[in-house]
């Protein structure tokens, strides 16, 4: 039961990052997509919610992100 909850919580935190943090990063990067993706990647590599995923999955997800 605990694993289910922590998996759900990590998923929710990642969703919030994409919904809230990603647009803020895009705005701060002055809409430079490569710079925004690099900043988001840096965040993902130090955030436990993202570290629970396979590295290649994280990279592929970030590469699919577009400007809001």
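Structure data summary
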quantity: Test: residue 29 is in contact with a helix residue (DSSP H, G or I) (Cβ under 9 Å, 6 or more places away or on another chain), modelled with pLDDT under 95 and surrounded by 11 or more Cβ atoms within 10 Å (Cβ to Cβ); calculated: no
quantity: Filter pass, residue 17 being more than 22 Å from residue 68 (Cα to Cα), touching a residue at least 12 places away in the same chain (Cβ under 8 Å) and touching a helix residue (DSSP H, G or I) at 6+ places or on another chain (Cβ under 8 Å); calculated: no
quantity: Search result, residues across region 39-61 that are closer than 13 Å to residue 21 by Cα and either in contact with a helix residue (DSSP H, G or I) (Cβ under 9 Å, 6 or more places away or on another chain) or surrounded by 15 or more Cβ atoms within 10 Å (Cβ to Cβ) (or both); calculated: 39, 40, 41, 43, 44, 47
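The values are calculated or read from the model by the stated rules, or taken from the named source; none is laboratory data. Only a predicted model underlies this, so the values are computations on that prediction, with no experimental measurement involved. Because the Cβ atoms are built from the backbone with ideal geometry, glycine has one as well, and the counts that use them run over all protein chains shown.
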